[in-house]
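Below you'll find the structure, written out as C-alpha cells, and then a few comments.
Derivation of every value follows stated rules applied to the coordinates shown; laboratory data play no part. All of these numbers come straight from a predicted model, not from anything done at the bench. Glycine also receives a Cβ, built like all others from the backbone with ideal geometry; neighbour counts cover every protein chain displayed.
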Amino acid sequence: MNLREKPRLSFLQIWNMSFGFLGIQFGFALQNGNASGILQNFGANVEHLSWFWLVAPLTGMLVQPLIGYYSDRTWNRLGRRKPYFLAGTLICCLALVLLPNSASLITAKSALLIGAGMLMLMDASINVAMEPFRALVADNLPDSQNTLGFSVQTALIGVGAVAGSWLPYTLSHWFGVSASAPKGMVADNVIYAFYIGAAVFFLSIMVTLLFTREYPPQEYEQFHGTAQQEHSGLKQIFSDFRKMPQTMRQLGLVQFFSWFALFSMWVFTTPAIAQHVFRLPLEDTSSDRFRDAGSWTGIIFGVYNAVSAVYALFLPAIARRFGRKKTHAFSLFAGGIGLLSMYFANDQYDLMYSMVGIGLAWASILAMPYAILAGSIPAGKMGLYMGIFNFFITIPQIVNGIIGGPVVKYFYGSQAIYALVIAGFLMLCAALTVLYVQDNRKIRMEG
C-alpha cells in the first residue's frame with residue numbers, strides 16, 4: 001500500500017496540539033518541587049523518600065504501554081487520543097487538590113500513607129494524560145516536522161514547569177500567603193499553589209481538546225497503513241516489546257543514565273539544599289528554614305525549566321546543523337556539568353548557574369529521543385511503542401527508587417548532595433552513549 005504524505009501543519013496548529021502539555025507539566029512541576037517536602041512534613045525520613053517516589057515509575061510502567069495500546073485502537077466522538085487526555089486530567093486535578101490536604105483528611109499518623117496514595121494517583125493520571133500526547137505529535141506531523149513538533153511541546157513544558165515551580169514562592173513572597181504551618185501540616189502557599197495547578201491543568205488540556213483535529217481511522221490508515229496484529233492486549237504488548245526497533249534498544253541505555261540522574265535530582269534536591277547549602281541538621285524537616293529550602297527548590301527548578309523552554313525553540317535548527325545525536329550529546333554533557341557543580345555552590349544563588357546546564361539537558365531529553373525514535377516505529381503502532389519506550393524512563397527510576405535511599409543513608413551518611421554528584425556522572429555517561437545510537441534519517445527543513 002502506497003502511503004500518503006501527511007500535510008504540514010502551521011505553527012499555530014502545532015502549538016494548540018501541544019498546549020495541553022503546559023498544564024501537565026504545571027502539575028508535574030508542583031509535584032517535583034514540593035512532594036518530598038510535603039512527605040517530610042508528614043514524617044518521612046530522607047532515606048525513605050526514594051521509596052515513596054517509586055510510585056511514579058511503577059505506575060508509568062504499568063499505565064503508559066496499556067494507554068498507548070488502547071489509544072491506538074480507540075475512536076469515538078472525542079477522537080483517538082483525546083479521551084485519555086480528558087480522563088487523566090480529571091483524576092489528576094482531584095489528586096492535586098487532595099495531596100497537600102492529606103493531614104486534614106485523616107489523623108496525622110496516617111497522613112504520610114494518604115499522601116503517598118495521592119502521589120500515586122497523581123502519577124497514574126499524569127501518565128494517562130501524557131502518553132497519548134507523544135503519539136499525537138507523531139500521528140499528525142510529517143517526518144520533516146517531527147523535531148519541530150517535539151520542540152514546541154518541550155517549550156510549552158518549560159513554560160508550565162516554570163510557572164508551577166515558582167508558584168509557591170510567588171504566593172508567599174509577592175502575595176503574602178503564609179509559608180508557615182504547624183508540624184505535620186502543609187503551608188497555605190503550597191496548598192493554594194496546588195489548587196491553582198488543578199485549574200491550569202484542566203484549562204490547558206481543554207485548548208488541545210477543542211482546537212486539535214485527529215485523523216479518523218480511514219484517513220489515518222492512508223498516512224500510516226494498517227498495523228498487523230498477532231495477539232491482543234498484553235500479549236501484543238509483550239510481542240512488540242521483543243520486536244522493538246534497533247534504534248529504540250540503543251536509546252534505552254541513554255535513557256537509563258539520563259532518567260536515573262533526573263530521579264535523583266527530583267527526590268534529593270530539597271534535602272540536599274537544606275543540608276549542604278542552608279547547613280540544617282538532618283532531623284530538621286519542619287522548621288521555616290527547611291520550608292525555605294523547599295521553596296528554593298521550586299525556584300531553581302523553575303530556572304532550569306525556563307532555560308529548557310528557550311533552548312527547545314532552537315533545537316530544530318541546532319539539530320539540522322549538527323545532527324540529532326550530537327545535539328543530544330552536547331545537551332546531556334551540559335546537564336552532567338550542571339549537576340556536578342551543585343556540590344560547589346557557596347550559597348543558594350550559585351545553584352542558579354547549575355540549572356543552566358540542567359535546563360539544556362532537560363529540553364533535549366524531552367525532545368530529541370522522541371524525534372530520533374519516531375521514524376523507526378512501525379505503522380499503526382505509534383501509541384504502543386511510545387508507551388513501551390516509557391519502560392526506559394521508568395526502569396531507571398524504579399532501580400533508583402529501590403536503592404537510592406539506602407545508598408544515601410549507608411554510603412553517603414544521609415548527605416543527599418552526593419546523590420546529585422553521582423547523578424552528574426551518570427548524565428555524562430548518557431552523553432557518551434547517545435553517540436552510538438543509529439539515526440539514519442536525513443533532517444529536512446522544518447517549520
Q. Which distance in nm do the two modelled labels at LEU203 and PHE175 give, with both placed 7 Å along the Cα-to-Cβ direction?
A. 1.1
(Q) Give the residue list of chymotrypsin sites (Phe, Trp or Tyr not before Pro) in the range 131-199 that are DSSP loop and have at most 15 other beta-carbon atoms within 10 angstrom. (A) TRP174, PHE175
Q) Of SER331, PHE301, MET342, whose Cα points farthest to the positive end of the dipole of the range 293-387 (charges on the beta-carbon: +1 Lys, Arg; -1 Asp, Glu; origin at the Cα centre)? A) SER331
(Q) Among 26-32, 13-19, 335-341, how do they line up by average Cβ neighbours within 10 Å per residue, starting with the highest? (A) 26-32, 335-341, 13-19
Q: Considering only ALA363, ALA161, ALA319, give the residue with the highest GNM mean-square fluctuation for the chain, with springs between Cα atoms whenever their separation is below 10 Å.
A: ALA319
Q: Using only Cα atoms, find the angle between the long axis of helix 108-140 and the longest principal axis of the chain, and express it within 0 to 90 degrees, rounded to the nearest 10.
A: 20
Q | Using alpha-carbon coordinates, inclination of helix 146-173 to the longest axis of the chain, degrees | A | 20
Q.
Just to confirm the number: angle between the C-alpha axis of helix 324-341 and the first principal axis of the chain, 0 to 90 degrees, nearest 10?
A. 0
**Q.** Convex hull projection area averaged over all views, the range 322-436, Cα basis, nm²
**A.** 8.4
Q.
Taking the Cα centroid of the range 64-87 and of the range 323-365, what is the distance between the two, rounded to the nearest whole Å?
A. 35
Q | Cα gyration tensor of the chain - equivalent ellipsoid semi-axes, whole Å, descending | A | 35, 24, 20
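Under the 0.36 nm per residue contour assumption, what length would be gained going from the current alpha-carbon distance of ARG213 and ARG77 to full extension?
That works out to 47.8 nm of additional length.
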Q. For the range 138-152, list residues with backbone N below 16 Å from a point placed 7 Å from the Cα of LEU313 toward its Cβ?
A. 148-152
Q) What is the order of VAL137, VAL55, fewest Cβ neighbours within 10 Å to most? A) VAL55, VAL137
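Rounded to the nearest 500, what is the chain's calculated 222 nm mean residue ellipticity when only DSSP H runs of at least 4 contribute -39500 (n - 2.57) each, over all residues?
Working: 18 runs with 324 residues, N = 447.
It lands at -24500 deg cm²/dmol.
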